[in-house]
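**Q** First, the structure itself, so that you have it in front of you.
We did not get these values from a lab; they are worked out from the coordinates using the rules stated. Source: prediction; values computed, not measured. Cβ placement follows ideal geometry from the backbone for every residue including glycine, while neighbour counts extend to all protein chains displayed.
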There are 2 protein chains.
Amino acid sequence: MGVEMRYTARMKIKADLVVKNASQVFTSAGSPESPVVVEGGSVAVAGGLVAWVGKTERLADDVEVGPEAMVIDAAGGVVTPGFVDPHTHAVFAGSRPLEFEWRLSGRSYLDILADGGGILATVNAVRQADEDQLVRESLPRLDRMLEFGVTTCEVKSGYGLDVENELKLLRVARKLASLTPMRILPTFLGAHTFPPEFRDDHDKYVKLVIEEMLPAVVEEGLALACDVYVEKGVFDVDQAEQILRAATDSGLGIHVHAGQFVDLGGPEMAAGMGASSVDHLDVVSDEGLAAMARSGTVAVMLPGAAVSLGQKPPRVDRFLEAGVTLALATDLNPGTSYTENLPLMAFLSVTSMGLPCSAALLAITRHAAKAVGLKEPEGTLAPGARADLLIHDVSDWREILYHFGVTHVSKVLIKGKPVAGPRAS
Amino acid sequence: MGVEMRYTARMKIKADLVVKNASQVFTSAGSPESPVVVEGGSVAVAGGLVAWVGKTERLADDVEVGPEAMVIDAAGGVVTPGFVDPHTHAVFAGSRPLEFEWRLSGRSYLDILADGGGILATVNAVRQADEDQLVRESLPRLDRMLEFGVTTCEVKSGYGLDVENELKLLRVARKLASLTPMRILPTFLGAHTFPPEFRDDHDKYVKLVIEEMLPAVVEEGLALACDVYVEKGVFDVDQAEQILRAATDSGLGIHVHAGQFVDLGGPEMAAGMGASSVDHLDVVSDEGLAAMARSGTVAVMLPGAAVSLGQKPPRVDRFLEAGVTLALATDLNPGTSYTENLPLMAFLSVTSMGLPCSAALLAITRHAAKAVGLKEPEGTLAPGARADLLIHDVSDWREILYHFGVTHVSKVLIKGKPVAGPRAS
């Protein structure tokens, strides 16, 4: 009864689209500990936004479905918000399959670098590729994401590492946004690593990022946020802070890669600056977690990277105890986590990291939306949220996790409109 | 040069189908340590069998492609043998998503059993389902397997646990075989667990399996092999041996589930009886491995089950040192490994278990074919093998593993004929 009250308006809502007869609507709304699941539910959409969620048996009473409205029968499937992948490097050229084999056979990272592997291999490929090639190689990745239910996707630059090529990557992201129904949220990651040209003068590269790249990115309106990779041997906390300060001064949101291998205090710095997310966090101190909990900074966990590197993903018990909001991402990239399968990350999080099942679905919807700086009720099916939603061909929402490695998505709606995806029926 | 000689006939071969212009043909043939990969290769098929594999530049010299022959352009993709999933429980009714959540939240198996969970929940669902329902629920699983490139699939009974329902499951498997282009290899697993009716008289159930179920299965020609689940609290080695002896006396092949939790000596017994595979083997003694190496019994590893149960899959170093042939399977079942994604098992095997990349592809082709009792050259693209082959939309065979969680299969051929699968283009 309490559940229905939240989703029932007093006067009839005029809908232009209805998804009805779901076995369950997993709304991702309500309390994070126990999100609202409407058994035998339906969703009404008006003007591209969620207008009503409730029991199918109440639909006729609450919602006016005119003759011009589209009615989609979920036929006993489960409806969820569209998935949000809050951390990807989806725009790149080439791939590094040999390096994958080398690494697993025990060759050291330095040895692989010397053989032309590692991130700089992708930087070289990106610098040599034109925008058309990058679009051609990247679009199938977005199509695959959509097959797995991703309707909003963050995309980072970071394989250009000079003004021209960082701008090129972000222009490609903009072009891709015009070619896919997905919402693409571009992030400037000029500070992904130091390019070979600045091997001996890191501060000069930081200066280039702040004084040339960032202003050019902002000038062209190419990014919503800025990210820095804080790690031993890459950007230190001071350098990151300078870059992120310039980004916030320019009105961008901020994210930080931190704690993939070594904890340098990146989470405390990022939380202090109001970052919307800190990502990776395979190692993080209690102080870092406490700071993130205080600032509402989301921890974006990347189990695909840990598994690809032959490591066990970190347990999340300490994160939950500290009250940190958790999201999950694919980290889609050609080096350490080459996958578009976001629900698989949710499976790994419940089986290997200790995330409860409902928290895992929040981590790829509502909490992922928060991680990329979207405001509530985005990432949920509460009234007022953008009507990005999925119909899954399962009868219980847990099957999205438990029946793993595959997609259950039979229909995708974005802004309240059915998407003709590769698997759309 | 050596490679080409193996695959080049002296006289022109008359082909009725050619797959040409692959970036690589990963044949799975040749030495298991270093299987033959033909760079810039093509495959010719005659009469449903592989007739020739070689460099595309030699195609015109070696193969006569008549005007009636079908020519498929692999367009720089990778060609591999069709994948073989050597261990599935793909025919069942219902699903157990609540149990998945309970188990991960720490509830004990006995507690879950008491709440109606566990294998007996599926036994109840299967007993209540008719053949049509079982076909309707199981066929989409086979379709998904095919999307991931599985062209041969072993399917076990074992959720009936009485004469009528074990026969029902195997009849459903036969019906499914008529509805899919995949090759279905049915296995009788009446000895999956003890049904509630025989809780207090296990020996009487073993007698039922041997004296009633098995003869009925053989009489109707419903299975190619027999399997027993050897585990503490389930079938002991003596009971398993009695059942398997009866099976071999009836002309069936044999498999054994052993060492999922406790090593009871199942591998030694199975190897001694000439089993084609022993499956699970999360725990196994050196003696068990030595016996399997001597008898040529294949170890079928099931990383999906370990991961779903929150465990790390076992390392394979000892298996490789002992000279045991390794295969991988999904173990597709509604309790402990609900997935159709066989290439994902190969990814897990290289990242978590220590299998070299080429061995992982052998483990889902040639070695999986051996595990289910198929004779060489099945599971390879050597001349004479059934022309079950895949075109993958990647340019290096390692990408099938490294770019994980998704399918790269763009075309499936079975017996030399293109299959109109869900994703076939």
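**Q** Using the structure shown, select from A:168/B:411; A:156/B:411; A:411/B:168; B:20/B:411; B:14/B:417 the pairs with a Cα to Cα distance greater than 22 angstrom.
**A** A:168/B:411; A:156/B:411; A:411/B:168, as the Cα separations exceed 22 Å there.
**Q** Give a residue-ordered list of calculated ³J(HN,Hα) values for the stretch B:42-49 (Karplus: 6.51 cos²θ - 1.76 cosθ + 1.60, θ = phi - 60°; whole Hz; x for Gly, Pro).
**A** My calculation for the stretch B:42-49 gives 9, 10, 10, 10, 9, x, x, 10 Hz in order.
**Q** How large is ³J(HN,Hα), in whole Hz, for each residue of the stretch A:70-78 in order, when computed from phi with the Karplus curve 6.51 cos²θ - 1.76 cosθ + 1.60 and θ = phi - 60°, using x for Gly and Pro?
**A** For the stretch A:70-78, the Karplus-derived couplings read 8, 10, 10, 8, 6, 6, x, x, 9 Hz, x marking Gly and Pro.
**Q** Which value, in Å to one decimal place, does the Kirkwood hydrodynamic radius take for the stretch A:83-371 when every pair of different Cα atoms is included?
**A** Kirkwood hydrodynamic radius for the stretch A:83-371: 18.7 Å.
**Q** Next question. For label points placed 7 Å from Cα toward Cβ, what is the shortest-first list of nm distances from residue B:179 to its copies?
**A** So the label point of residue B:179 gives 3.9 nm to the other copies.
**Q** Put the label 7 Å from Cα along Cα→Cβ for residue B:420; what are its distances to the other copies, in nanometres, shortest first?
**A** 2.0
**Q** Relative contact order, percent, of chain A when contacts are C-alpha pairs under 8 Å separated by at least 6 residues?
**A** RCO, chain A: 19 percent.
**Q** While we're looking at this one, here's another question. Please pull out the direction-averaged projected area of the stretch B:157-289, using the convex hull of its alpha-carbon atoms, in nm² to one decimal place.
**A** Mean shadow area of the hull around the Cα atoms is 7.9 nm².
**Q** Which one, A:121, A:173, A:305, has the greatest fluctuation when you compute a Gaussian network model over chain A with C-alpha springs under 10 angstrom?
**A** Maximum fluctuation in the GNM of chain A, among the listed residues, is at A:121.
**Q** To continue, here is another question. Please arrange A:388, A:282, A:317 by counting, for each residue, the other beta carbons lying within 10 Å of its beta carbon, fewest first.
**A** Fewest to most other Cβ atoms nearby, the residues stand as A:317, A:282, A:388.
**Q** If you consider only alpha-carbon coordinates, what radius of gyration and Dmax does the protein assembly as shown have, in Å?
**A** 27.4, 84
**Q** Right, next: Go ahead and run the numbers for FRET between residue A:312 and residue B:14, Cβ-Cβ distance against an R0 of 56 Å, rounding to 0.05.
**A** Calculated transfer efficiency: 0.55.
**Q** Fewest first, what order do B:391, A:72 take by the number of other Cβ atoms within 10 Å?
**A** A:72, B:391
**Q** Label position 7 Å from Cα toward Cβ: report the copy-to-copy distances for residue A:272 in nm, one decimal, ordered from shortest.
**A** Listed shortest first, these distances are 6.9 nm.
**Q** Could you give the longest part of chain A that holds none of the GluC sites (Glu not before Pro) found in DSSP loops with at most 16 neighbouring Cβ atoms within 10 Å?
**A** Maximal segment without exposed cleavage sites: A:221-425.
**Q** Right, something else. Once you've got the Cα coordinates, tell me which of A:175/A:232; A:55/A:312; B:55/B:415; B:175/B:232 are over 31 Å apart.
**A** In this structure, A:175/A:232; A:55/A:312; B:175/B:232 exceed 31 Å between Cα atoms.
**Q** Given R₀ = 25 Å, what would the calculated FRET efficiency be for residue A:212 paired with residue A:375, taking r from the Cβ atoms and rounding to 0.05?
**A** The value I calculate is 0.20.
**Q** To check you understand DSSP bridge types, tell me what percent of the beta bridges within the protein assembly as shown (both residues inside) are antiparallel, rounded to 5.
**A** Approximately 40 percent, going by the DSSP bridge assignments.
**Q** Here's something else I'd like to know. Taking neighbour Cβ counts within 10 Å as the exposure measure, how do B:31, A:277, A:308, A:395 sort from fewest upward?
**A** B:31, A:395, A:308, A:277
**Q** Show which aspartates and glutamates lie in cross-link reach of residue A:12 when reach means a straight Cα distance below 14 angstrom and same-chain residues fewer than eight apart are skipped.
**A** Excluding near neighbours in sequence, the set is A:61, A:62, A:64.
**Q** Gain in length, residue B:204 to residue B:70, computed as 0.36 nm per residue apart minus the alpha-carbon separation, to one decimal in nm?
**A** 42.5 nm
**Q** Another question, if that's okay. Of A:199, A:127, A:136, which is the most mobile in a GNM of chain A whose springs link Cα atoms less than 10 angstrom apart?
**A** Sorting by GNM fluctuation, first place goes to A:199.
**Q** If you don't mind, there's one more thing I want to ask. What number, rounded to the nearest 500 deg cm²/dmol, is the helix-based mean residue ellipticity at 222 nm of the protein assembly as shown, given -39500 (n - 2.57) per DSSP H run of at least four residues and division by all its residues?
**A** Here the helix-only value at 222 nm equals -10000 deg cm²/dmol.
**Q** Turning to a different aspect of this structure: Of the residues B:369, B:275, B:129, which exhibits the maximal mean-square fluctuation in a Gaussian network model of chain B defined by a 10 Å Cα contact cut-off?
**A** B:129
**Q** Any chance you could check the Cα centroid distance between the stretch B:291-350 and the stretch A:280-350 for me, in angstrom?
**A** That distance is 26 Å.
**Q** Moving on. Amide H of residue A:282 versus every other amide H placed in the peptide plane: which residues, excluding those fewer than 5 positions away on the same chain, fall under 5 Å?
**A** Under 5 Å from the amide H of residue A:282 lie the amide H atoms of A:260, each far enough along the sequence or on another chain.
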